[in-house]
Amino acid sequence: MYGFTPTDEQKMLIESISRFSKNDLRTAAHNAEEEKNFPQKLIKKGWELGILQASIPENLGGFGDRSIVSGVLAAEELAWGDLSGALSILAPSSFVLPVLSAGTEEQKAKYISTAIEGDWQPFVSAFIEPVFNFDPNDLKTTAVLEGSEYILNGVKTYVPFAEIQKGMVVFASLAGQTKGFIVPTGSSGLRISGRIKLMSLNAVPLYEVTFDNVHIPAGNLLPGDFEPVLAAMRVTNAALALGVARAAFEYSRDYAKERDAFGVKIAQKQAIAFMLAEMGIEIEAVRLLTWQAAWKLDNNKTDAALDAYLSSTAAADMAMMVTDRAVQILGGHGYIRDHPVEMWMRNGRGFASFTGMAIV
């Protein structure tokens with residue numbers, strides 16, 4: 001048997017993140033999206049909450065043990081405040097946690113403490129590829145061993161902070177298996193394109209990165225199993241989708257309770273009430289599936305990867321449905337930028353392709 005009553009430590013973590021999301025992320029989200037820049041001071045403040053550090057053992061510079069359940073709780077709360085802010089704050093996790101999960105003891109000692117010590121630093125990962133029907137287990141970016149080096153070739157997209165990154169984990173196909181590789185900053189053959197323009201996430205600097213015969217030492221291969229890394233990416237994506245969907249649901253619900261039409265609140269209209277009920281049901285169902293997947297990952301259950309996949313897939317559909325209905329409930333007001341639901345709908349549309357942008 002298992003349950004999901006938060007521990008005292010988890011309650012404290014979520015309460016602190018919730019305050020930060022409400023008072024800082026949510027209030028900054030609109031201007032950050034419009035100005036295409038998330039305030040560095042807020043990224044730093046979010047970093048100081050210690051979300052990543054709490055997942056790292058003391059001997060590696062952290063102050064806890066990794067709990068994916070705690071991670072998904074944190075990710076949902078951050079994304080409730082703002083998805084761009086959440087992805088910015090969590091960017092170093094996408095470098096550190098693959099090293100923690102799949103790296104050697106020497107790699108962990110060399111890279112993790114450097115990435116998490118002091119202020120937020122742009123350590124990132126490159127996972128998603130600009131191809132139709134992207135398959136994490138059939139990457140087009142390749143790694144070939146020649147002598148004492150691996151040679152990387154391929155293209156990655158949606159790489160955050162690539163222009164200023166201090167370290168990057170790149171995922172590539174090695175003899176048909178997906179593996180992570182630590183690529184040093186300034187490696188010859190590594191090219192960064194101009195900033196990508198997307199339908200959403202305008203406040204996060206995202207880039208396309210090309211690897212043209214990039215040579216890295218053989219010791220930079222992360223030799224561990226990729227499946228737990230991918231599963232963690234998927235439950236993180238689901239948790240972020242939950243945060244965005246919950247934000248849209250709560251905002252549209254509260255709007256419907258206040259908005260008058262023909263002498264009654266629109267929340268009393270059957271069509272609106274049914275939409276809100278279905279939105280709430282889907283959010284709760286996907287949250288339970290996501291928590292279950294996270295718990296199974298923490299406890300090394302054999303079917304954890306399947307549940308992680310199901311949670312991510314269900315969350316992508318749920319987020320699109322909930323955010324779209326939030327816009328509908330606000331009517332014409334939902335389509336203008338005075339209300340945040342249009343931004344949440346644009347965010348919601350992307351979760352089908354966001355897996356790998358953050359890991360908890």
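Every number in this text was worked out from the coordinates using simple rules, so none of it is lab data. These numbers come from a predicted model, not from an experiment. Note that each Cβ is placed from the backbone with ideal geometry, even for glycine, and that neighbours are counted across all protein chains shown.
Quote the charge dipole size of the stretch 8-116 about the Cα centre in Debye, to the nearest 20; the model charges only the Cβ of Lys and Arg (+1) and of Asp and Glu (-1).
200
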Response to the item:
Residues other than residue 155 with Cβ under 13 Å of its Cβ, Lys/Arg counted +1 and Asp/Glu -1, net out at 0
Response to the item:
Amide H neighbours of residue 167 at under 5 Å, excluding residues fewer than 5 places away on the same chain, with H built from the backbone geometry, are 124
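Could you give the size of the charge dipole of the chain about its Cα centre, using +1 on the Cβ of each K and R and -1 on the Cβ of each D and E, expressed in debye and rounded to the nearest 20? Show your work: numbers first, answer last.
Working: 32 positive and 41 negative charges, 140 e Å.
The calculation lands at about 680 debye.
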Worksheet item: Label residue 175 and residue 258 with points 7 Å out from Cα along Cα→Cβ: what is the distance between them in nm?
Response: 6.2
Worksheet item: Amide H to amide H, which residues 5 or more places from residue 196 or on other chains are under 5 Å from it, using H placed in the peptide plane?
Response: 206, 207, 208
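Sorted by packing (mean other beta-carbon atoms within 10 Å per residue), highest first, where do 84-90, 144-150, 215-221, 324-330 land?
Values: 84-90: 27.6, 144-150: 12.9, 215-221: 16.1, 324-330: 22.3.
Packing order, densest peptide first, comes out as 84-90, 324-330, 215-221, 144-150.
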Item to complete: About the Cα centre of the stretch 227-353, how large is the charge dipole given +1 on each Lys and Arg Cβ and -1 on each Asp and Glu Cβ? Please answer in debye to the nearest 20.
Response: 200
Worksheet entry | Hits among lysines - C-alpha to C-alpha of residue 41 under 30 Å, sequence gap 8 or more where chains match | 11, 22, 108, 110, 156, 166, 197
Worksheet, complete the sentence: Here the stretch 242-251 yields Karplus 3J(HN,Hα) values (6.51, -1.76, 1.60; θ = phi - 60°; whole Hz; Gly and Pro given as x) of 4, x, 5, 5, 4, 4, 5, 5, 5, 5
Worksheet item: Packing-wise, with mean Cβ within 10 Å as the measure, how do 169-176, 95-102, 65-72, 240-247 rank, highest first?
Response: 240-247, 95-102, 65-72, 169-176
Practice prompt. Give a residue-ordered list of calculated ³J(HN,Hα) values for the stretch 122-127 (Karplus: 6.51 cos²θ - 1.76 cosθ + 1.60, θ = phi - 60°; whole Hz; x for Gly, Pro).
Written response: x, 8, 9, 10, 10, 10
Worksheet, complete the sentence: Over the chain, the sum of -39500 (n - 2.57) across DSSP H runs of at least four, divided by residue number and rounded to 500 deg cm²/dmol, gives at 222 nm -16000 deg cm²/dmol
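Give me D for the stretch 227-353 in µm² s⁻¹, whole number, from Stokes-Einstein with Rh from the Kirkwood sum over alpha-carbon pairs, 37 °C and 0.692 mPa s.
Numbers: Rh = 15.1 Å.
Diffusion coefficient, whole number: 218 µm²/s.
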Item to complete: Check cross-link reach from residue 36 to the aspartates and glutamates: straight Cα distance under 14 Å, and skip same-chain residues fewer than eight apart.
Response: 82
Item to complete: Could you list which residues have their amide H under 5 Å from that of residue 222, counting only those 5 or more apart in sequence or on another chain, with H placed in the peptide plane?
Response: 180, 181, 182
Response to the item:
Going residue by residue through the stretch 46-60, the Karplus relation 6.51 cos²θ - 1.76 cosθ + 1.60 with θ = phi - 60° gives ³J(HN,Hα) values, rounded to whole Hz and with x marking Gly or Pro, of x, 4, 5, 5, x, 4, 6, 4, 5, 9, 10, x, 4, 5, 10
Discussion item. If R₀ is 22 angstrom, what is the calculated FRET efficiency for the pair residue 299 and residue 18, using the beta carbon separation as r and rounding to 0.05?
Written reply: 0.25
